[in-house]
Every structure is written in structure tokens, then in C-alpha cells.
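Everything below concerns the one structure shown next.
The values are calculated or read from the model by the stated rules, or taken from the named source; none is laboratory data. This structure is a prediction, so every number in the text was calculated from the model and none was measured. Backbone-built Cβ (ideal geometry, glycine too); neighbour counts: all protein chains shown.
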Amino acid sequence: MFRVEQLPAEARSPFFEAAVRERVAGGRVYDAHIAEVAHLAGASVVVTDNRRHFSVLMKHGVRVLRACEFIREQRRG
């Protein structure tokens, strides 16, 4: 199933406060935002061309796959 999610209103200030505290800057803020939305939404898989930027999700049980890996799994499934 595919869903579009956003960061819940109550999670926005804590997200930005953590980003400042952890000195997340530039494009990494965007990646951190996507990762936080995925985590809070209960995503089981994130599909990306840059697995390294989303590796933090793996500690939350979210699988991080490249598009080709995801498609391969879907064809098998």
C-alpha cells in the first residue's frame, strides 16, 4: 500500500529542535525530515537511491531499499 504522510503538527517543533541540537544542516535536514515522517507513520519500507542517508531508519525496523531491490521483491511477491 502507498500512502502520503506528513510530519504531525505536534512533532514539528521537536524535530527542528533536535536538528539544531544535532547540527543537521543543508540537504541532511530534508533527509532527516523524510526519515522522521516515515518512522512516525509506521513505514515498513523506504525506497531511495541513497540508502546511506536513511540508514538511521533501520534501527527502527524500517527497511531501506533501492528502487531496483523494491521492484525485484514486488515481482517475486
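Of note:
- Some residue of the stretch 9-28 being touching a residue at least 24 places away in the same chain (Cβ under 8 Å), aliphatic (A, V, I, L, M) and surrounded by 11 or more Cβ atoms within 10 Å (Cβ to Cβ): yes
- In summary, Glu17 fulfils each of the numbered conditions (1) touching a helix residue (DSSP H, G or I) at 6+ places or on another chain (Cβ under 6 Å); (2) outside any strand (DSSP E or B) with the single exception of condition (1).
- Tabulated pairs, the stretch 44-63, first closer than 19 Å to Val24 by Cα, second hydroxyl-bearing (Ser, Thr, Tyr) and at pLDDT 90 or above, C-beta under 7 angstrom, 6+ apart or interchain: Phe54/Thr48
- Qualifying residue in the stretch 26-36 (condition: outside any helix (DSSP H, G or I), within 18 Å of Phe2 (Cα to Cα), out of contact with any helix residue (DSSP H, G or I) (no Cβ under 9 Å at 6 or more places or on another chain) and not basic (Lys, Arg)): no
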